[in-house]
Protein chains: 2
Amino acid sequence: MLDYQTLKSETPAALRQVIREGHYGSHTAGLGKGALQANIVILPADVALDFMRFCQRNPKPCPVIAVSDTGNPMMTTAGQKIDIRSDVPAYYIYRNGVMTEEVTDVADIWTDDMVAFALGCSFTFEHALMAAGIDVWHITNNTTVPMFKTAIPTVPAGPFSGSLVVSMRMIPKDRVEEAKAITRHFPLAHGAPVHAGDPAEIGIKDISTPDWGDPAPELEGHIPVFWACGVTPQAAIQNAKLPVCITHKPGHMLVTDIPDDAEVPIINLPNSI
Amino acid sequence: MLDYQTLKSETPAALRQVIREGHYGSHTAGLGKGALQANIVILPADVALDFMRFCQRNPKPCPVIAVSDTGNPMMTTAGQKIDIRSDVPAYYIYRNGVMTEEVTDVADIWTDDMVAFALGCSFTFEHALMAAGIDVWHITNNTTVPMFKTAIPTVPAGPFSGSLVVSMRMIPKDRVEEAKAITRHFPLAHGAPVHAGDPAEIGIKDISTPDWGDPAPELEGHIPVFWACGVTPQAAIQNAKLPVCITHKPGHMLVTDIPDDAEVPIINLPNSI
């Protein structure tokens with residue numbers, strides 16, 4: 001296994017190769033610098049239209065940045081030679097709505113009727129926050145962002161429904177408005193926050209015990225700010241009780257070749273000015 | 001029939017009712033002020049996932065702002081009581097890739113296996129250009145924007161492929177960069193232009209004879225600027241040769257209830273700050 005520090009200078013393509021060959025299986029925050037990272041959902045074609053509708057109706061948690069052809073594991077519009085069966089550091093397998101396995105390769109589970117979706121990720125706007133001098137605690141401390149189920153409902157589509165999942169970052173009180181304005185410019189990376197302040201107002205009982213990721217401390221002079229999170233589909237998948245569904249492990253993302261400041265999330269567009 | 005000037009002060013809901021009842025069948029530029037307008041594509045469910053993939057891969061011409069449930073003509077996330085069978089001023093019917101009829105209501109063609117898509121429209125960014133003091137000739141002169149097929153290919157998905165359609169506006173030479181910057185902020189309304197300058201470079205032979213819409217004159221001190229256009233799917237539909245497909249008539253759009261400065265194109269989101 002290669003370590004996190006060694007991989008920081010690798011290109012997205014080189015990083016994916018290391019992951020594909022099984023030499024790295026940890027989180028991707030801070031890796032593949034300048035490239036869009038993505039949440040992954042892989043599910044059977046017979047529910048793919050409903051899932052894509054769910055994403056369209058919930059664009060803050062689920063901004064679609066790439067979709068495979070049915071049965072084709074190559075994500076051709078997101079990068080060179082991206083094989084979605086092997087290029088994510090760690091996957092969760094859900095069966096009938098229950099997470100049953102964590103694996104580093106899904107080639108033996110992938111079938112000809114599956115469709116893979118890549119959804120935008122908060123790593124993109126975190127770079128922008130840090131560039132503005134706003135510290136992002138979980139990155140500075142090399143942990144995974146804390147994520148929580150909320151009481152906010154999503155807009156349903158077919159079998160997909162459930163509550164919004166959010167990620168939390170502590171922001172200095174006097175910079176919350178600035179953080180809102182900065183992140184609103186990233187519609188493919190969850191956009192502006194959905195809540196700032198009292199966690200109880202959106203149904204979060206205890207911010208020291210996240211549902212996914214690692215806890216982050218409350219900081220003096222800061223308030224907790226909550227952004228829609230790409231783990232939201234995993235809650236919807238639990239509700240949909242599909243026979244089989246594959247996702248990334250939270251924090252362990254697909255690193256694409258799309259620049260994170262691209263106007264549209266497609267590589268090699270024929271015309272673009 | 002009610003006339004255009006009378007309708008300028010109507011709300012989107014009132015305007016849709018007038019259209020639904022058959023009292024207005026002309027273009028919608030400048031109507032439903034402040035509300036997002038949309039291109040419409042209605043097609044059979046068995047190609048709807050491919051069509052939605054086509055839109056995702058070609059987000060500049062085809063920014064999806066709403067999708068109906070299969071067989072349900074109500075576009076619930078785009079506005080109150082929007083019935084897509086009657087709320088567009090004029091429709092084109094395509095059969096086997098050929099435009100065969102122009103009608104003002106499609107209730108007798110709609111079937112239980114159809115899915116309706118609403119795609120963002122350039123009217124949104126035109127308001128922003130005009131607010132910045134850049135004249136938009138076809139609006140000032142109450143005509144439909146000129147639209148052209150280009151030699152730029154789209155990214156295909158399933159049966160959908162073909163060349164990009166663009167709309168043209170003459171922009172003062174010294175304000176082209178500003179026009180690019182303004183429109184880039186509207187990813188749900190085609191974003192930044194795809195070309196500025198010589199039409200021949202993108203395969204347009206004669207800008208005085210548009211493929212859709214009305215001609216607009218070349219203006220002294222201006223250059224032609226071309227934006228991706230929501231009529232692009234109509235070219236893809238011609239290539240796909242579907243048994244039946246319904247679109248809006250170019251320029252004759254669905255007026256939604258979504259504010260044109262909304263962060264996401266969904267009405268009544270449970271939480272939004």
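Every read-out reported here was derived from the displayed coordinates using simple, explicitly stated rules and does not represent laboratory data. Just so we're clear, the structure is a prediction, and the values are computed from it rather than from any experiment. Note that we place each Cβ from the backbone using ideal geometry, even for glycine, and neighbour counts take in every protein chain shown.
Determine, for B:Leu15, A:Leu254, the number of other Cβ atoms within 10 Å of each Cβ, and report the residues in order from fewest to most.
Ranked by crowding around the Cβ, least crowded first: B:Leu15, A:Leu254.
Per 10 Å bin, what percent of the C-alpha pairs of chain B does each bin hold, from zero upward?
With 10 Å bins starting at 0, P(r) equals 7, 31, 38, 20, 3, 0.
Hey, what did chain A get for relative contact order, percent, Cα under 8 Å, at least 6 apart?
30
In nm, what does the list of distances from B:Met130 to its counterparts in the other copies look like, shortest first, when each label sits 7 Å along Cα to Cβ?
Label-point distances to the other copies, shortest first: 4.5 nm.
Label B:Ala200 and A:Arg95 with points 7 Å out from Cα along Cα→Cβ: what is the distance between them in nm?
6.5
Net charge around A:Asn72, counting only other residues with Cβ within less than 15 Å of its Cβ (Lys, Arg = +1; Asp, Glu = -1)?
-2
Near B:Met52, within a Cβ-to-Cβ distance under 15 Å, what is the net charge of the other residues, with Lys and Arg +1 and Asp and Glu -1?
On the way: positive: A:Arg53, A:Arg57, B:Arg53, B:Arg57; negative: A:Asp46, A:Asp50, A:Asp69, B:Asp46, B:Asp50, B:Asp69.
That sum, taken over residues with Cβ under 15 Å, equals -2.
Would any residue of region A:227-264 have its amide N under 18 Å from a label point 7 Å out along Cα→Cβ of A:Ala45? List them or say none.
Under cut-off, by backbone N: A:243-246.
Could you compute Rg(Cα) / (2.2 N^0.38 Å) for region A:24-85, with N its residue count?
Ratio of Rg to 2.2 N^0.38 Å for region A:24-85: 1.23.
Would you work out which of B:Pro12, B:Ile82, B:Ala128 lies farthest towards the positive end of the dipole of region B:1-143? Charges go on Cβ: Lys and Arg +1, Asp and Glu -1.
In region B:1-143, that residue is B:Ala128.
What dipole magnitude, in Debye to the nearest 20, does chain A give about its Cα centre under +1 on Lys/Arg Cβ and -1 on Asp/Glu Cβ? Before the final figure, lay out the partial values.
Details: 19 positive and 30 negative charges, 76 e Å.
About 360 debye.
So for region A:40-160, averaging the separation of alpha carbon pairs under 8 Å that are six or more residues apart and normalising by length, what relative contact order in percent results?
Here the relative contact order equals 34 percent.
State to the nearest 20 debye the size of the charge dipole of region A:125-232 about its Cα centre, where the only charges are +1 on K and R beta carbons and -1 on D and E beta carbons.
For region A:125-232, the charge dipole is close to 320 debye.
Which of B:Glu102, B:Glu263, B:Glu126 ends up with the largest GNM mean-square fluctuation for chain B, with Cα atoms connected below 10 Å?
B:Glu263
How far is A:Val244 from itself in the other copies, in nm, if each label sits 7 Å out from Cα along the Cα-Cβ line, shortest first?
Output for A:Val244: 3.8 nm, nearest copy listed first.
Taking the Cα atoms of region B:56-103 alone, what are Rg (to one decimal) and Dmax (as a whole number) in Å?
Rg then Dmax for region B:56-103, in Å: 13.1, 33.
Kirkwood Rh, Cα Rg: Rg to Rh for the protein assembly as shown?
On the Cα set of the protein assembly as shown, Rg over Rh gives 0.97.
Using a label position 7 Å from Cα in the Cα→Cβ direction, what is the ascending list of nm distances from A:Lys8 to the same site in the other copies?
List, nearest first: 6.0 nm.
Going through the cross-link list B:Lys60/B:Lys180; A:Lys149/A:Lys205; A:Lys8/A:Lys33; A:Lys205/A:Lys249, which pairs have a Cα-Cα distance over 19 Å in this structure?
A:Lys205/A:Lys249
Using Cβ contacts closer than 10 Å as the measure, can you line up B:Val47, B:Val103 from fewest to most? Display every interim value, and only then the final one.
Numbers: B:Val47 19, B:Val103 16.
Going from least to most buried by this count: B:Val103, B:Val47.
Summing +1 for each Lys or Arg and -1 for each Asp or Glu, what net charge is found among the other residues whose Cβ lies under 15 Å from the Cβ of A:Gly251?
Residues close to A:Gly251 contribute a combined charge of -2.
Which of B:Leu188, B:Ile171, B:Ala200 sits farthest toward the positive end of the charge dipole of region B:123-232, with +1 on the Cβ of Lys and Arg and -1 on the Cβ of Asp and Glu?
The residue sitting most towards the positive pole is B:Leu188.
So if I take the centroid of the Cα atoms in region A:143-207 and the same for region A:28-74, what is the distance between those two points in Å?
Between the Cα centre of region A:143-207 and that of region A:28-74, the gap is 19 Å.
Can you give the Kirkwood hydrodynamic radius of region B:17-57 from its Cα pairs, in Å with one decimal?
Result for region B:17-57 stands at 13.1 Å.
Do any trypsin sites (Lys or Arg not before Pro) in region B:16-109 lie in a loop, going by DSSP, with at most 15 other beta-carbon atoms within 10 Å of their beta carbon, and if so which?
On the way: sites: B:Arg16, B:Arg20, B:Lys33, B:Arg53, B:Arg57, B:Lys81, B:Arg85, B:Arg95; in loops: B:Lys33, B:Lys81, B:Arg85.
Of the trypsin sites (Lys or Arg not before Pro), the ones in loops of region B:16-109 whose Cβ has at most 15 other Cβ atoms within 10 Å are B:Lys33, B:Lys81.
Between B:Asp108 and A:Thr11, what is the label-to-label distance in nm when each label sits 7 Å out along the Cα-to-Cβ direction?
Distance between the two pseudo-spin positions: 6.0 nm.
At 7 Å along the Cα-to-beta-carbon direction for both A:Lys241 and A:Thr143, put a label point, then send me their distance in nm to one decimal.
3.6
Taking a quarter of the surface of the convex hull around the Cα atoms of region A:1-149, what do you get in nm²?
Projected area, direction-averaged: 9.6 nm².
P(r) for region A:125-232, please, calculated from all Cα pair distances in 10 Å bins and given in %.
15, 49, 31, 5, 0
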